[in-house]
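Contents: one structure, followed by commentary.
What follows draws every value from the coordinates through simple rules; no lab data is involved. Only a predicted model underlies this, so the values are computations on that prediction, with no experimental measurement involved. Note: ideal-geometry Cβ built from the backbone for every residue, glycine included; neighbour counts use all protein chains shown.
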Amino acid sequence: MRVEVSDTRTERVPVLSDAEPPGDAECGRGLLIVAGLATRWEVAPRDGAPGKTVWAELRLP
């Protein structure tokens with residue numbers, strides 16, 4: 001299964017960090033979850049529009 005999430009924000013490209021956010025942090029876990037579940041994932045610029053798309057492929061049982 002392939003899942004894609006796009007936004008129009010151009011500030012920065014998300015990067016998977018080696019450090020886990022503090023337990024009480026309200027953000028910073030999204031790509032950790034994606035990387036843990038996905039067989040492949042990537043961040044790509046949107047074609048013909050501002051922003052980026054994060055896509056992930058997950059293996060189904």
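Tell me, what is the percent relative contact order of the chain, built from C-alpha pairs under 8 Å that lie six or more residues apart? The partial results should precede the final answer.
Working: 83 pairs, mean separation 29.0, N = 61.
RCO, the chain: 48 percent.
Within segment 1-42, name every residue whose backbone N is under 11 Å away from a label modeled 7 Å from Cα of Arg59 along the Cβ vector.
38-40
Of the listed values (1) 44, 33, 18; (2) 43, 33, 15; (3) 38, 34, 17, identify the label whose number matches Cα extents along the principal axes in Å calculated from this model.
Only one option fits the structure, namely (3).
Can you tell me the length gained on complete extension of the stretch Thr10 to Cys27, counting 0.36 nm per residue apart and subtracting the Cα distance?
4.3 nm
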